[in-house]
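Q: Please find one structure pasted underneath; my questions will follow.
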Amino acid sequence: MATILRSPRFLHLWYAFQLLVVLLQTKVLCYQHKVGDLDAWGLPTSANPLVYAKWSKYNTFKIGDSLLFLYPPSQDSVIQVTKQSFESCNSTDPILYMNNGNSLFNITTNGNFYFTSGEAGHCQKKQKLYINVGNVSSADSPSYGPSSGPSSAPSYPTVFGSIPQPPSPSSSPSSTSVIIGAVIGSAISAVINGFM
């Protein structure tokens, strides 16, 4: 038995097992953001005309996340546009057109993304969304007008209380679980090798 435990083949299998344990403990978190939270995707109200500007400012987006646009398909749509089309509300040449009422946009790269309603006149009424993924230069961020910078986090009150915000990057799992797994695996390996 001792010769089997000392064989190079066993040690390679043991190290492969340790690597597998470490990989299994690593967590991958992706978040599906419902655009506008309770307000969903529609014309902003006069009480909250910058709902989408505020919403995107207080959400953090990363590769692997997705945006969920919910709306009545007979009344609205979502288009992804360039920065220039976003600022001028030009919907004639979209990058992407979604109109099923349950539109999901998967974030696959870092960068700035611009969305508006595909319905005539909705963009001019501030039904548009800009998001920044990966802290790309904010020089490309659009202007929403003179009162675009909300001074406090948005509140989405409901009869059930407020809606929790998605996890911030600082609350994501750290590498502590990976380190602990590696230490435990190394300790087990040392114990086994010590008995050989």
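The values are calculated or read from the model by the stated rules, or taken from the named source; none is laboratory data. The shown structure was predicted, so the numbers you read here are calculated from the model rather than taken from an experiment. Positions of Cβ are backbone-derived with ideal geometry, glycine not excepted, and every protein chain shown enters the neighbour counts.
Q: Can you find a residue in the range 64-71 that is closer than 20 Å to Asn135 by Cβ, surrounded by 18 or more Cβ atoms within 10 Å (Cβ to Cβ) and touching a Leu at 6+ places or on another chain (Cβ under 8 Å)?
A: yes
Q: If I ask for residues that are surrounded by 14 or more Cβ atoms within 10 Å (Cβ to Cβ) and at pLDDT below 75, which ones from the range 22-52 would you list?
A: Listed by number, the residues that qualify are Val22, Gln25, Asp39.
Q: When the range 5-21 is examined, which residues are found to be at pLDDT 75 or above and among the hydroxyl-bearing types (Ser, Thr, Tyr)?
A: Across the range 5-21, the qualifying residue is only Tyr15.
Q: Gly149 is checked against (1) modelled with pLDDT under 95; (2) closer than 16 Å to Gln75 by Cα; (3) not basic (Lys, Arg) and fails just one. What number does that condition carry?
A: (2)
Q: Listed residues Lys57, Lys62; which is among the basic types (Lys, Arg), out of contact with any Asp or Glu (no Cβ under 9 Å at 6 or more places or on another chain) and within 13 Å of Val35 (Cα to Cα)?
A: Of Lys57, Lys62, the one residue that is among the basic types (Lys, Arg), out of contact with any Asp or Glu (no Cβ under 9 Å at 6 or more places or on another chain) and within 13 Å of Val35 (Cα to Cα) is Lys57.
Q: Looking at the range 41-63, which of its residues are closer than 13 Å to Asn132 by Cβ, assigned to a helix (DSSP H, G or I) and in contact with a strand residue (DSSP E or B) (Cβ under 6 Å, 6 or more places away or on another chain)?
A: Ser56
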